[in-house]
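This report concerns only the one structure given below.
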Amino acid sequence: MTLPDAKVASDWQGKGDEFFDNRDFEGALRCYDRILEMFPRDPDIWSRKGLALTKLKRYDEAIECYDTALARYPKEIYLWKNKGAALNKMDKHIEAVRCFDTAIDLDPNDASAWCHKAITFGLLKWHEESLDCFETAISIDPQNAVAWYGKGMVLRKLGREKEAQSAMVKAENLGFS
């Protein structure tokens, strides 16, 4: 990698991210593809491309992006979480759980991975398992508003309304809206 190439790639990434933020996902893809022409091994750009493809509901292509990056960087937790999220969009929840399990194996203290797994269990209507995961996330990060909100939603589905309300208030107090 030469310095000019890095500068050009940085410029393309900035443009791609701006397109992404403005919900022009096709524009973002064009930029990320330009970077990948120069740096085909960059897991971050593969992930960004995967996220843009997910937004475009091109889930199979998104999974290919994550798999390409994971083939070289199998210990990148965010790639496993992004792949799992895309699999959830495809209603492939069991495969998604496996991705989140891999992320958790790599870092058992990743509260976000536990939340993703909890949400996936909820999609499967496995509410007790979902609750366990949200509680694990809270034990790791007691200030995690998403985990508290998720816990409240699961408790509500389990008919434990008083506990659900308490968790929802905690989530709101932590800034969940």
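The values are calculated or read from the model by the stated rules, or taken from the named source; none is laboratory data. As the structure is a prediction and not an experimental result, all values here were calculated from the model. Every residue, glycine as well, gets a Cβ built from its backbone with ideal geometry; the counts of neighbours run over all protein chains shown.
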Quiz item: Which condition number in (1) among the acidic types (D, E); (2) closer than 24 Å to D141 by Cβ; (3) out of contact with any Ser or Thr (no Cβ under 9 Å at 6 or more places or on another chain) is the one that E76 fails?
Solution: (3)
Practice problem: Please verify whether the stretch 157-164 includes one or more residues that are buried (at least 17 other Cβ atoms within 10 Å of the Cβ), part of a helix (DSSP H, G or I), in the same structural domain as V97 (by TED's automatic domain parsing) and not hydroxyl-bearing (S, T, Y). | Solution: yes
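Conditions tested, residue by residue: (1) in the same structural domain as C31 (by TED's automatic domain parsing); (2) β-branched (V, I, T); (3) out of contact with any strand residue (DSSP E or B) (no Cβ under 9 Å at 6 or more places or on another chain).
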position: E61; (1), (2), (3): yes, no, yes
position: A111; (1), (2), (3): no, no, yes
position: W114; (1), (2), (3): no, no, yes
position: H127; (1), (2), (3): no, no, yes
position: L131; (1), (2), (3): no, no, yes
position: T136; (1), (2), (3): no, yes, yes
position: P142; (1), (2), (3): no, no, yes
Practice problem: Name every residue in the stretch 70-97 that is charged (D, E, K, R) and closer than 15 Å to I119 by Cβ, in order of residue number. | Solution: K81, K83, K89, D91, K92, E95
Exercise. Mind checking which helices (runs of 4 or more DSSP H) fall wholly inside the stretch 78-149 and carry at least 2 residues that are aromatic (F, W, Y) and either free of Cβ contacts under 8 Å to residues at least 40 places away in the same chain or surrounded by 17 or more Cβ atoms within 10 Å (Cβ to Cβ) (or both)?
Key: 111-123
Practice problem: Could you grab me the full set of residues in the stretch 43-77 that are more than 14 Å from the chain's Cα centre (by Cα), in a helix (DSSP H, G or I) and aliphatic (A, V, I, L, M)? | Solution: I45, A69, L70, A71
